[in-house]
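First the structure, in the form of structure tokens, and then the observations on it.
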Amino acid sequence: MGLSASPDLQVKLGPLTLKNPVLTASGTFGYGTEFLPFMDLGRLGGICVKGLSLRPRRGNPPPRTCETPAGMLNAIGLANIGVEAFISEKLPALRRHNTAVIANIFGETVEEYAAVAGVISSAAGVAAVELNISCPNTERGGMVFGCDPEGTRRVVSAVRAACALPLIVKLSPNVTDIVAIARVAVDAGADILSLVNTFLGMAVDLDRRRMALANGVGGLSGPAIKPQALYMVHRVCTAMKTPVIGMGGIMTARDALEFLLVGARAVQVGTANFLDPASSVRIVDGIRDYLVEKGIPDVNDLVGPIPGRAGPSDTGG
Ligand SMILES: Cc1cc2nc3c(=O)[nH]c(=O)nc-3n(C[C@H](O)[C@H](O)[C@H](O)COP(=O)(O)O)c2cc1C
């Protein structure tokens, strides 16, 4: 096989086709248009916008982010402008760009999730819904929907019934067995799975002798979580046929390629956007360069799973 000067980057994830496998991750890329000074948004496979709720939310008091070794913690508290304002104020400008707009949504009750899904699915120019199931259920004492099979089943079924768009369910890594939750999500109607959301974590400000985040606990992201995220993506991809979007600590094209090799069909870039706002397009270019260099004509040829066993108890330690 000769060198392919322009390898095929298009990927198909069930009902969703993307021009390339690189998306930006929800909560790290605003509503997309903030990044126009840094890139042509049309070069991205897709943009997952900040999580949207039925009504606007102010989120948690500051400090709500802090740096950690090889990562960051955030406890933004899902601050957002609300789904209606997104549709009227942000979506018209965003959908002018030739990229898939993915609406990340959440709610505090099953009804709220379904209501947001209903509103967003009637808006023109949204390619898919990404369901963030890492939200505390206020009706069940704050237990996170995605951390138990029954909560997952209820919320995914309700959103599926309310939404005709391709449905991506974004899994929490804060569970004992991610494959069990993934199966429930697919049985309840998910077309695509995305993983992982942030890992629960905490940081202490020793000089002020208090928690670094006003909220105490936060979500850990960035390179610190990449091995854990890769492992979870690998487990889901080997156990199931559902298309997966992988994420967690992707900073470079090589990181993204590792997720494809373990079975993800596409990736999302999150924390990297805070270091270099153009990192997502840099990653698109790097994936293309790798394919050219290796003489691989189509990015789909890379998608794993690669050989090697890694079950839940193979710690070897
Ligand atoms: C500041 C911040 C805000 C986030 N907000 C959301 C959100 O609104 N909805 C969501 O599903 N994930 C949210 N996430 C999680 C990311 O989309 C992503 O799953 C996670 O950060 C892991 O990827 P990374 O290591 O590349 O950042 C947020 C992450 C960060 C750092």
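The values are calculated or read from the model by the stated rules, or taken from the named source; none is laboratory data. Note that the structure is a prediction, hence the values are computed from the model and not measured. Positions of Cβ are generated from backbone atoms using ideal geometry, with glycine treated the same way; all protein chains shown enter the neighbour counts. Heavy atoms of the whole protein, side chains included, go into the accessibility calculation; ligands, DNA and RNA do not. Shrake-Rupley method; radii C 1.70, N 1.55, O 1.52, S 1.80 Å.
Data overview
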item	result
Region 1-101 - percent relative contact order, Cα under 8 Å, separation 6 or more	27
Equivalent-ellipsoid semi-axes of region 184-317, from the Cα gyration tensor, Å, largest first	29, 21, 14
Gyration tensor (alpha-carbon) shape descriptor, region 179-242, a/c threshold 1.5	prolate
Of ILE87, THR109, THR152, farthest towards positive along the dipole that unit charges on Lys, Arg, Asp, Glu beta carbons give region 59-167	ILE87
Interchain or long-range residues, amide H under 5 Å from ASP8's placed H	ASP298, VAL299
Most mobile of ALA264, ALA182, ALA158 in a GNM of the chain (Cα contacts under 10 Å)	ALA158
For region 7-49: rounded, prolate or oblate by the Cα gyration tensor [a/c cutoff 1.5]	oblate
Neighbourhood net charge (13 Å Cβ-Cβ; Lys/Arg +1, Asp/Glu -1) for PHE86	+3
Counting all C-alpha pairs of region 83-230, share separated by more than 26 Å (%)	33
Within the accessible area of the chain (1.4 Å probe), percent carbon and sulfur	54
Over 21 Å (Cα to Cα) - which of LYS50/LYS90; LYS226/LYS294; LYS50/LYS241; LYS12/LYS241 fall in this group	LYS226/LYS294; LYS50/LYS241
Separation of the GLU89 and THR65 label points, Cα + 7 Å toward Cβ, nm	2.0
Whether the chain is rounded, prolate or oblate, judged on the alpha carbon gyration tensor where a/c under 1.5 counts as rounded	rounded
Other-chain or far-sequence residues with amide H under 5 Å of ILE133's (modelled H)	LYS170
Computed lengthening from MET143 to VAL217, 0.36 nm per intervening residue step minus Cα-Cα distance	25.2 nm
Accessible surface, per residue, of the chain when the full set of protein chains is kept, probe 1.4 Å, Å²	42
In nm, spacing of pseudo-spin labels at ARG254 and ASP276 (7 Å Cα→C-beta vector)	1.3
Length gained when the stretch LYS294-THR176 is fully extended (0.36 nm per residue, less Cα-Cα span)	38.7 nm
The chain, relative contact order in percent, only Cα pairs under 8 angstrom and at least six apart counted	21
Hz values of 3J(HN,Hα) by residue in region 229-240 - Karplus curve (6.51, -1.76, 1.60), Gly and Pro given as x	5, 4, 4, 5, 5, 4, 5, 5, 5, 7, 7, 9
